[in-house]
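The values are calculated or read from the model by the stated rules, or taken from the named source; none is laboratory data. The structure presented is a predicted model; accordingly, all values stated were derived computationally and were not measured. Counting neighbours? That spans all protein chains shown, and the Cβs are built from the backbone with ideal geometry, glycine included.
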Amino acid sequence: MSRAVSLATLLATVRRRSDTIGQTLRHPDADVIADINASWQALREKVSEAGSGFYLKATTKTAMTAGAASNCNWGTLTLPSDCARVYGVDLYVTSTDVRCLRPASWAERNSFSNVFGANVGMPVAFALMTPGTESTTSVTAGTLAVFPAPDQAYQHVIWYVPIWADISSSNTTHVFDCLAGFDDWVAWDVTIKIRSRDGDLQGGLASAMAERDRTWAERIQPACRFNRAAPGRRVDMAAINRRAAYNPYYRTR
């Protein structure tokens, strides 16, 4: 299960594996810790992409704005200000009927309508419109598009990985909540960055990459899989889409 690993411990592991013990001029602690923070954020997203909910955060259930955005065939949802990446959207048809919107590509944005050609209905998919807008020293919240545009103010929840708040070099007692292999993956990933920065003069870049990939495949990826009491069942999306073509309310074309 999870265990707490301090920044000081992780920093020492990186220096040992990268053979940079005492090399604080070429590789200051602050630089190595910056790489540790970046690798930890990357790992949080990587395990989420592998199907794990370890680091996912849910928004408060909120009502959508009914109707299409101006001159568009879709509705919009505002992303949380601390959102790094979206991994799911739940739509509440009723308080007990909850459905997952499927991710769609932006190329599909005009592909949803009902049989009468209207661009509103119960949303079935979502796509990222913008991750945010830069405004001098800050970035405003991003936007998701939902297809088709909602015909009513459905309640919804967005599941996402929040932005990692970097740990400063002065706070080495701060801990990372690590499952088996998480700290190893981060240590090897930072070692790769250090080796690359040095032009791999001492060698070892390839072996560090191999160790990181082995840690992922043998220790972390299995932990991201869900335990099941029975074998999983493949969802036949082609059959679902064929049935949707005869839906009297909406279809995808």
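Counting only residues that are part of a loop (DSSP other than H, G, I, E, B) and among the basic types (Lys, Arg), how many does region 81-96 have? Let's see the steps before the verdict.
From region 81-96, those part of a loop (DSSP other than H, G, I, E, B) are 81-82, 93-96; that's our starting set.
So of that shortlist, the ones also among the basic types (Lys, Arg) come out as none.
Going through region 81-96 one residue at a time, the tally reaches 0.
Inside region 139-171, can you point out the residues that are farther than 27 Å from Arg109 by Cβ, loosely packed, with under 14 Cβ neighbours inside 10 Å and either in contact with a strand residue (DSSP E or B) (Cβ under 9 Å, 6 or more places away or on another chain) or modelled with pLDDT of 95 or more (or both)? Full working, then the answer.
Within region 139-171, the first condition is being farther than 27 Å from Arg109 by Cβ, and the residues that meet it are 164-171.
Remaining after also requiring loosely packed, with under 14 Cβ neighbours inside 10 Å: 165, 168, 170-171.
Scanning region 139-171 gives no hits.
Considering only residues that are of a type in the set (A, V, I, L, M), assigned to a helix (DSSP H, G or I) and either loosely packed, with under 12 Cβ neighbours inside 10 Å or more than 24 Å from the chain's Cα centre (by Cα) (or both), which ones fall in region 197-225? I'd like the intermediate steps shown before the answer.
Restricting attention to region 197-225, the residues satisfying the condition of being of a type in the set (A, V, I, L, M) are 201, 205-206, 208-210, 217, 220, 223.
Next, only the ones that are assigned to a helix (DSSP H, G or I) stay: 205-206, 208-210, 217, 220, 223.
Result: Leu205, Ala206, Ala208, Ala210, Ala217.
Considering each of Thr76, Thr65 in turn, give the residue that is surrounded by 13 or more Cβ atoms within 10 Å (Cβ to Cβ), part of a strand (DSSP E or B) and of a type in the set (S, T, N, Q). Reasoning before the result, please.
Working: Thr65 fails: part of a strand (DSSP E or B).
Being surrounded by 13 or more Cβ atoms within 10 Å (Cβ to Cβ), part of a strand (DSSP E or B) and of a type in the set (S, T, N, Q) holds for just one of Thr76, Thr65, which is Thr76.
Would you confirm whether or not region 57-66 contains a residue that is without any contact (Cβ under 8 Å) to a residue 40 or more places away in the chain, hydroxyl-bearing (Ser, Thr, Tyr) and within 30 Å of Ala153 (Cβ to Cβ)? Give the derivation first.
Step one: of region 57-66, the residues without any contact (Cβ under 8 Å) to a residue 40 or more places away in the chain are none.
No, that holds for no residue.
Do we have any residue at all in region 25-39 that's surrounded by 14 or more Cβ atoms within 10 Å (Cβ to Cβ) and under 26 Å from Thr130 (Cβ atoms)?
As a first pass, look at region 25-39 and keep what is surrounded by 14 or more Cβ atoms within 10 Å (Cβ to Cβ): 27, 29, 31-39.
Next, only the ones that are under 26 Å from Thr130 (Cβ atoms) stay: 37-38.
The answer is yes, given that some residue of region 25-39 is surrounded by 14 or more Cβ atoms within 10 Å (Cβ to Cβ) and under 26 Å from Thr130 (Cβ atoms).
Within region 172-196, can you find the residues that are more than 15 Å from Ala42 (Cα to Cα) and modelled with pLDDT of 90 or more?
Selection gives Thr172, Thr173, His174, Val175, Ile194, Arg195, Ser196.
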